[in-house]
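In what follows, a structure is listed as structure tokens, so that the remarks can point back to it.
The values are calculated or read from the model by the stated rules, or taken from the named source; none is laboratory data. Everything numeric here is computed off the predicted structure, so don't read it as measured data. For neighbour counting, all protein chains shown are included, and Cβ atoms are generated from backbone atoms with ideal geometry for every residue, glycine included.
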């Protein structure tokens, strides 16, 4: 072990009063296991400002590990940080050993973005001229903690867009190290709203559950009164840049309780709404569906009747337009008689002229057998 800088008197004092001690005998370890090689100072004084060197004997490359007083490690949180939108967040970052970072460069930046600088501390002051615009006025270091090696960043009023990976980089004159911090932002949305959409014969009542303003996308579940999952349609999701809006349908049948739940879950957060459907509603829906079906059938039959009525009226009009002016056609289009006075009718190129006392019954016949009756009243003058 090499002693660090200090006066000659300090060095002599340390050599005279300090002893390096190790294990009492050889260490035995299995291949693939970890091992600690004991080494300590007696008396137990700090070795922070010393140089510690581990080397292996009888080898050409002997250095195993070297620690100098200007080397350090940057450490962060053990796992991802989860924060609610609108809250403040501390992104942990510190030096090990806890040496001063006052004269070092402390840089926080966001990974996977074109403009990455979140916060910069350099030469004892903040230098945020090139900071990402959305972080302006929302970041700060704990200046009073820099002396203790605390380089954590405080982020105020967290936004959904702040989600992502951040890197804390600490640099001295002769050394640098960094650590990555993962930030996840969550927004707990509205309480679910349940509505009845309709009834399907043989299936049941259709229920719709809707909830808005979640981040990230939550899970939507339908459950019965016993907490069992109900088979439902896939969740429909509508998203904007910072929110998810979800809805999910389920069809339920009349049961003993008719109590159903819509549950929306996001990590440790859960919001739930209950609906109780009375049996009378199921009966009302069934009656309504039957009445509507009958009404639709009546309307269809009425439309068919109107179609044939207007078709008959059209044929009757065509007969009048084509008939000889002396022929008088009955309203039902089934009888015709010869008048003594020529009727004043509009000119029509298809009308039978005075030489032919006739009219057209139908333009065509749709079946192979048909019957025509002719009854003459009065004097028969010709056929």
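Name the residue, out of 69, 16, that is farther than 21 Å from residue 147 by Cα and modelled with pLDDT under 95. Only one candidate passes the filter, namely 16.
Has segment 70-86 got at least one residue that is over 30 Å from residue 39 (Cα atoms), in contact with a helix residue (DSSP H, G or I) (Cβ under 8 Å, 6 or more places away or on another chain) and touching a residue at least 40 places away in the same chain (Cβ under 8 Å)? Spell out the reasoning first.
Within segment 70-86, the first condition is being over 30 Å from residue 39 (Cα atoms), and the residues that meet it are 79-86.
Next cut, in contact with a helix residue (DSSP H, G or I) (Cβ under 8 Å, 6 or more places away or on another chain) only: 85.
Adding the requirement that they be touching a residue at least 40 places away in the same chain (Cβ under 8 Å) leaves 85.
Within segment 70-86, one or more residues are over 30 Å from residue 39 (Cα atoms), in contact with a helix residue (DSSP H, G or I) (Cβ under 8 Å, 6 or more places away or on another chain) and touching a residue at least 40 places away in the same chain (Cβ under 8 Å).
A quick yes/no check of all residues on (1) in the same structural domain as residue 93 (by TED's automatic domain parsing); (2) surrounded by fewer than 19 Cβ atoms within 10 Å (Cβ to Cβ); (3) without any contact (Cβ under 8 Å) to a residue 24 or more places away in the chain; (4) within 27 Å of residue 72 (Cα to Cα):
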position: 147; (1), (2), (3), (4): yes, yes, no, yes
position: 177; (1), (2), (3), (4): yes, yes, no, yes
position: 197; (1), (2), (3), (4): no, yes, no, no
position: 209; (1), (2), (3), (4): no, no, no, no
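For segment 89-108, enumerate the residues that are within 28 Å of the chain's Cα centre (by Cα) and either surrounded by 14 or more Cβ atoms within 10 Å (Cβ to Cβ) or not assigned by TED's automatic domain parsing to the domain that holds residue 170 (or both). Those that are within 28 Å of the chain's Cα centre (by Cα) and either surrounded by 14 or more Cβ atoms within 10 Å (Cβ to Cβ) or not assigned by TED's automatic domain parsing to the domain that holds residue 170 (or both): 89, 91. Of all residues in segment 110-117, one or more are under 13 Å from residue 183 (Cβ atoms) and in a strand (DSSP E or B).
Please verify whether segment 254-265 includes one or more residues that are at pLDDT 90 or above, on the phi < 0 side of the Ramachandran plot and either touching a helix residue (DSSP H, G or I) at 6+ places or on another chain (Cβ under 9 Å) or in the same structural domain as residue 86 (by TED's automatic domain parsing) (or both).
In the first step, residues of segment 254-265 are kept if they are at pLDDT 90 or above; the result is 259-265.
Still in the running and on the phi < 0 side of the Ramachandran plot: 259-265.
Add one more test, that the residue is either touching a helix residue (DSSP H, G or I) at 6+ places or on another chain (Cβ under 9 Å) or in the same structural domain as residue 86 (by TED's automatic domain parsing) (or both), and what stays is none.
Checked segment 254-265: no residue is at pLDDT 90 or above, on the phi < 0 side of the Ramachandran plot and either touching a helix residue (DSSP H, G or I) at 6+ places or on another chain (Cβ under 9 Å) or in the same structural domain as residue 86 (by TED's automatic domain parsing) (or both).
Would it be correct to say that residue 205 is touching a residue at least 60 places away in the same chain (Cβ under 8 Å), assigned to a strand (DSSP E or B), touching a helix residue (DSSP H, G or I) at 6+ places or on another chain (Cβ under 7 Å) and farther than 22 Å from residue 82 by Cβ? Yes. The set of residues in segment 211-240 that are within 27 Å of residue 85 (Cβ to Cβ) and in contact (Cβ under 8 Å) with a residue 24 or more places away in the chain comprises 211, 212, 213, 214, 215, 216, 217, 218, 219, 220, 221. Take the conditions (1) part of a strand (DSSP E or B); (2) within 33 Å of the chain's Cα centre (by Cα); (3) in contact (Cβ under 8 Å) with a residue 24 or more places away in the chain; (4) not assigned by TED's automatic domain parsing to the domain that holds residue 246; residue 140 misses just one of them, which is (3). All of 239, 200 fail the test of being farther than 30 Å from residue 109 by Cα and touching a strand residue (DSSP E or B) at 6+ places or on another chain (Cβ under 8 Å), apart from 200.
With the structure loaded, tell me whether residue 56 is more than 18 Å from residue 167 (Cα to Cα), without any contact (Cβ under 8 Å) to a residue 24 or more places away in the chain and either loosely packed, with under 15 Cβ neighbours inside 10 Å or touching a helix residue (DSSP H, G or I) at 6+ places or on another chain (Cβ under 7 Å) (or both) or whether it fails that test. Let's see the steps before the verdict.
Numbers: more than 18 Å from residue 167 (Cα to Cα): yes; without any contact (Cβ under 8 Å) to a residue 24 or more places away in the chain: yes; either loosely packed, with under 15 Cβ neighbours inside 10 Å or touching a helix residue (DSSP H, G or I) at 6+ places or on another chain (Cβ under 7 Å) (or both): yes.
Yes: the conditions hold for residue 56.
Among residues of segment 89-110 that are on the phi > 0 side of the Ramachandran plot, none has a beta-carbon under 7 Å from a residue that is surrounded by fewer than 18 Cβ atoms within 10 Å (Cβ to Cβ) at least six positions away or on a different chain.
With respect to residue 170, determine if the residue is out of contact with any helix residue (DSSP H, G or I) (no Cβ under 8 Å at 6 or more places or on another chain), more than 30 Å from residue 104 (Cα to Cα) and not in a loop (DSSP other than H, G, I, E, B). Steps first, please.
Working: out of contact with any helix residue (DSSP H, G or I) (no Cβ under 8 Å at 6 or more places or on another chain): yes; more than 30 Å from residue 104 (Cα to Cα): no; not in a loop (DSSP other than H, G, I, E, B): yes.
Judged against the criteria, residue 170 is not a match.
In the set (1) in a strand (DSSP E or B); (2) at pLDDT 95 or above; (3) farther than 30 Å from residue 269 by Cβ, residue 146 fails one condition alone, (1). Where strands (runs of 3 or more DSSP E) fall entirely within segment 31-91, those with at least 1 residues that are under 30 Å from residue 107 (Cβ atoms) are at 52-55, 63-67, 73-75, 81-84, 89-91.
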